[in-house]
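See structure below.
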Amino acid sequence: MFPYLVWLRETDSTQRRLKEGNYPCGTVFVADRQKEGKGRKGRRWESQEGGLYFSFVLCEEDFRDYAQLPLIVGFSVSEYLDSLGIRTAIKWPNDVYSRGRKISGVLVEKSSNKIVVGIGLNVNQDSFPKELENSAISMKLASGKEYDRKRVLTSLLDFLSKNLNDYREKGFTAFKERIEDKLLFKEEEVVILGEEPVVGILVGIDDNGHLLLQTSEGLKSIAAGDLSLRLY
Ligand code: ATP
Ligand code: BTN
């Protein structure tokens, strides 16, 4: 699935490089550090040395329902980290958490006829800037071990290839239960911050990957968008 890979010492953002260039499907751009790493809604993604920052191109015709992709990609990261003994949970719709802190973020964007997927994974960082001190964690901080980032990338790409191919062939229902089992804040009271905040108990996801909340007005299904999930 990923036949072309370019590894840069430094760039502004691997996501921007792929969105602005004309690269074939399956191209991967990796950087040791990014000067302008971006999260959702243009928020900054801290991209200091030690982490893994990469983006890849998917062909739009292969992945029509792109709203479910952040969950499939986040699930792949989570499954990979679990395989190393680092226990993780998926924070709907696009983040991976370990020990209550963010270890990885996923960004899926459409740009003309292609989909660009970006993943930031904290690997060997020993510390984070003050503003992330209590909310971020790296693989090294979680396990006490140092990792070879080339190996981390190739193994993670294997998990991604397998899951993206399964998703293309079998659809989201093949993942629904496994993703549901890994959801952060399951059975807890949460609030979804968007135009209108919605408060309820997080009960799971539906066959479309929408979040299911038991609210005072009954069961509500919430489609992923630029929404934020928080404990209430
Ligand atoms: P939500 O997804 O619920 O809106 P969020 O704060 O996680 O909340 P995102 O857009 O998903 O928002 O991610 C961007 C945020 O992630 C940044 O505003 C910052 O708080 C945090 N962040 C930035 N860099 C890192 C990093 N390397 N590791 C962990 N967290 C980071
Ligand atoms: C988020 O949690 O909001 C998503 C963070 C995505 C960060 C990755 S790092 C590689 C790629 N390049 C970027 O500028 N962003 C993504």
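The values are calculated or read from the model by the stated rules, or taken from the named source; none is laboratory data. Everything quoted here is computed from the prediction, not taken from an experiment. With ideal geometry, Cβ positions are generated from the backbone for all residues, glycine too; neighbour counts draw on all protein chains shown. When the accessible area is computed, the model is the full protein with side chains, heavy atoms only, and any ligands, DNA or RNA have been set aside. Shrake-Rupley method; radii C 1.70, N 1.55, O 1.52, S 1.80 Å.
Here are a few things to note about the model shown:
- All of (1) assigned to a loop (DSSP other than H, G, I, E, B); (2) at negative phi; (3) within 14 Å of ligand 2 (Cβ to nearest atom) hold for V117 with one exception: (1).
- Taken as a whole, the range 27-37 holds no residue that is within 15 Å of ligand 2 (Cβ to nearest atom), of a type in the set (S, T, N, Q) and closer than 30 Å to G204 by Cα.
- Beta carbons closer than 6 Å, at least 6 apart along the sequence or on distinct chains, pair a first residue in the range 140-155 that is under 16 Å from G85 (Cα atoms) with a second that is modelled with pLDDT of 95 or more and open to solvent by 70 Å² or more (accessible area, probe 1.4 Å) for K140/E146.
- Screening P93 with (1) outside any helix (DSSP H, G or I); (2) near ligand 1 (Cβ under 10 Å from one of its atoms); (3) farther than 30 Å from N22 by Cβ; (4) out of contact with any Ser or Thr (no Cβ under 7 Å at 6 or more places or on another chain) gives one miss only, at (3).
- Filter result for Y53 (assigned by TED's automatic domain parsing to the domain that holds Q125, away from ligand 2 (no atom under 14 Å from the Cβ) and either open to solvent by less than 50 Å² (accessible area, probe 1.4 Å) or within 29 Å of E169 (Cα to Cα) (or both)): no
- Whether a residue is more than 16 Å from ligand 1 (Cβ to nearest atom) and basic (K, R) was assessed, and K140 does not pass this test.
- In a residue-by-residue description of the range 96-114, the property of being part of a helix (DSSP H, G or I), open to solvent by 40 Å² or more (accessible area, probe 1.4 Å) and more than 24 Å from F29 (Cβ to Cβ) applies to no position.
- Qualifying residue in the range 35-54 (condition: assigned to a strand (DSSP E or B), away from ligand 1 (no atom under 16 Å from the Cβ) and touching a residue at least 40 places away in the same chain (Cβ under 8 Å)): no
- Condition met for L81 (under 10 Å from the mean Cα position of the chain (by Cα) and open to solvent by less than 20 Å² (accessible area, probe 1.4 Å)): no
- The residue of the range 195-232 that is modelled with the lowest pLDDT, among those that are within 16 Å of ligand 2 (Cβ to nearest atom) and open to solvent by 40 Å² or more (accessible area, probe 1.4 Å), is D226.
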